[in-house]
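Quick notes on the structure that follows.
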Amino acid sequence: MTETLHRAGTLPVNDADPFAPEHLETPEPLHAALRDAGPVVYLARYDVYALARYEQVHAALVNWQDFQSGAGVGLSNFRYEKPWRPPSLLLEADPPRHDAPRRVLAAILGPRALRRLRQTWFAEAEALVERVLGERELDGVPALAEAFPLRVFPDAVGLQREGRQNLLPYGNFAFNAFGPANSLVTDAAPHVPEWAAWVDAQCARDRLGPDGFGGRIWAAADRGELTHEQAPLVVRSLLTAGVDTTVHGLAAVLHAFATHPGQWQRVRDNPAAARVAFDEAVRWASPVQTFFRTATTDTLVGGTTIPEGRKILMFLAAANRDPRRWERPDTFDLGRDPSGHVGFGMGLHQCVGQHVARLEAEALLTALARRVRRLELTGEPVRQHNNTLRALRSLPLRLHPA
Ligand code: HEM
Ligand code: OVM
């Protein structure tokens with residue numbers, strides 16, 4: 001049956017393991033091969049259908065009716081396999097269950113609601129940049145990309161101080177868990193109960209300051225916009241998706257500027273370019289590389305039927321560099337309009353935290369633009385392999401003061 005539905009001979013097959021170390025280290029060659037093979041490629045290793053062209057990835061992202069999230073957005077199919085934790089009410093839910101949590105979070109994390117954080121975050125960014133300038137040579141990942149989000153985001157959520165070191169490993173695991181049960185998952189598994197127990201405990205109302213994102217989620221429950229059973233799981237979404245993403249997004253934009261000095265000069269001349277710079281970095285690097293969906297019905301994509309119940313793997317990173325959609329796609333270029341990139345997804349599930357991520361980036365880049373003439377790469381960047389994230393462990397930099 002699989003053979004007939006594949007219309008053997010027309011559906012390209014690829015034997016690669018996209019989650020193997022060589023492809024996590026350097027994903028671009030596989031992405032190009034998948035795009036060039038056709039609009040849909042069968043990944044024999046995992047028995048899933050891959051989409052790597054912009055047109056098909058975009059179409060799948062906006063088609064929540066035929067491509068559901070409720071069976072999980074990782075390789076694991078929740079119809080048959082028990083998830084490692086109760087599913088997210090946002091990421092792993094479909095309408096109508098998705099609607100209320102989404103509405104609540106969109107209001108709490110929207111541009112209007114974030115205005116009260118702007119001054120504080122800009123001041124914190126200036127203080128951090130002032131401090132690291134005393135060092136001259138530094139590792140941009142811990143010193144900037146991790147330090148800044150960890151300085152501002154947990155406070156904005158209203159988290160206690162104690163135990164915040166659990167946030168990054170928990171998020172890193174959650175993103176690994178969308179992939180297969182390779183060593184990235186199994187090596188971390190013994191620690192997960194401890195990380196998860198701390199995260200789950202922080203979702204309770206009495207652990208959260210009243211004024212932060214967390215307290216506001218509980219207040220929305222009091223107003224009847226959510227149930228009180230839903231509130232802790234919505235808080236959990238912030239703690240899962242809100243830290244590692246921005247760390248690696250900021251690492252990507254620092255990496256981009258360190259390797260494209262002419263582009264840094266443009267931001268120095270015009271600090272208002274900081275926001276578009278971050279979106280272009282999200283397009284260029286795609287900190288979130290992939291997500292899966294599950295077909296709810298036999299669905300035709302590019303002449304191939306994806307059978308009901310089967311997983312598709314959407315390569316956001318490959319779509320964001322598809323030469324069918326982007327001119328000189330591999331170039332980080334502030335002169336282009338990156339809008340339409342799928343680095344934050346698209347459609348119903350498009351990143352609800354994107355305004356938070358953009359504000360963090362704008363604050364940090366503005367502070368750097370004021371004080372740093374040049375970001376010099378002083379060694380090879382080192383990747384941190386993750387089944388979903390394009391992540392850096394180390395980015396050796398020398399900051400030349402302005
Ligand atoms: C959804 C990427 C930052 C919270 C998504 C999706 C992507 C993404 C690609 C779509 C998932 C899908 O379609 O299945 C990113 C990137 C970030 C970032 C690249 C940083 C550069 C954040 C932050 C938060 C956050 C800071 C929280 C404050 C969420 C949540 C969802 C989501 C809760 C699920 C939304 C839904 O399903 O309706 N993100 N994200 N993200 N993101 Fe982000
Ligand atoms: C969630 C969530 C949302 C986006 C990404 C993510 C671990 C998790 O709602 O828990 O990755």
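Residue-wise test of (1) at pLDDT 95 or above; (2) surrounded by 14 or more Cβ atoms within 10 Å (Cβ to Cβ); (3) not small (Gly, Ala, Ser).
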{"residue": "4", "(1), (2), (3)": "no, no, yes"}
{"residue": "13", "(1), (2), (3)": "yes, no, yes"}
{"residue": "19", "(1), (2), (3)": "yes, yes, yes"}
{"residue": "22", "(1), (2), (3)": "yes, no, yes"}
{"residue": "25", "(1), (2), (3)": "yes, no, yes"}
{"residue": "32", "(1), (2), (3)": "yes, yes, no"}
{"residue": "37", "(1), (2), (3)": "yes, yes, no"}
{"residue": "43", "(1), (2), (3)": "yes, yes, yes"}
{"residue": "46", "(1), (2), (3)": "yes, yes, yes"}
Six or more apart or on different chains, Cβ atoms under 8 Å: show the pairs whose first residue is in segment 110-129 and in contact (Cβ under 8 Å) with a residue 24 or more places away in the chain and whose second is buried (at least 17 other Cβ atoms within 10 Å of the Cβ) and not in a helix (DSSP H, G or I). 129/372
Determine, yes or no, whether residue 327 is away from ligand 2 (no atom under 16 Å from the Cβ), within 30 Å of residue 127 (Cβ to Cβ) and of a type in the set (D, E, K, R). no
Of all residues in segment 200-215 being buried (at least 21 other Cβ atoms within 10 Å of the Cβ) and either within 11 Å of ligand 1 (Cβ to nearest atom) or part of a helix (DSSP H, G or I) (or both), the one that is farthest from the chain's Cα centre (by Cα): 202
Requiring at least 2 residues that are within 11 Å of ligand 1 (Cβ to nearest atom), the helices (runs of 4 or more DSSP H) wholly within segment 1-114 are 54-62, 99-108
Please work out which one of (1) outside any helix (DSSP H, G or I); (2) buried (at least 18 other Cβ atoms within 10 Å of the Cβ); (3) within 14 Å of ligand 1 (Cβ to nearest atom); (4) not aromatic (Phe, Trp, Tyr) is the condition residue 152 fails and give its number. (1)
Of the residues 247, 243, only one is within 16 Å of ligand 2 (Cβ to nearest atom), crowded, with 24+ Cβ neighbours inside 10 Å and under 24 Å from residue 345 (Cα atoms); which? 247
The condition of being loosely packed, with under 13 Cβ neighbours inside 10 Å, more than 15 Å from ligand 2 (Cβ to nearest atom), of a type outside the set (Gly, Ala, Ser) and modelled with pLDDT under 95 holds, among 136, 161, only for 136
Please indicate, with yes or no, whether at least one residue in segment 341-357 is of a type in the set (Phe, Trp, Tyr) and either farther than 22 Å from residue 35 by Cβ or within 16 Å of ligand 2 (Cβ to nearest atom) (or both). yes
Which one of these is over 28 Å from residue 45 (Cβ atoms) and basic (Lys, Arg): 328, 310, 321? 328
Hey, among 221, 231, which residue is closer than 19 Å to residue 103 by Cβ and touching a His at 6+ places or on another chain (Cβ under 7 Å)? 221
Among the residues listed as 231, 181, the single one being more than 14 Å from ligand 2 (Cβ to nearest atom) and either polar (S, T, N, Q) or modelled with pLDDT of 95 or more (or both): 181
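The values are calculated or read from the model by the stated rules, or taken from the named source; none is laboratory data. In this text, all values refer to a predicted model and were calculated from it rather than measured experimentally. A quick note on method: Cβ atoms are made from the backbone with ideal geometry, for glycine too, and the neighbour counts reach across all protein chains shown.
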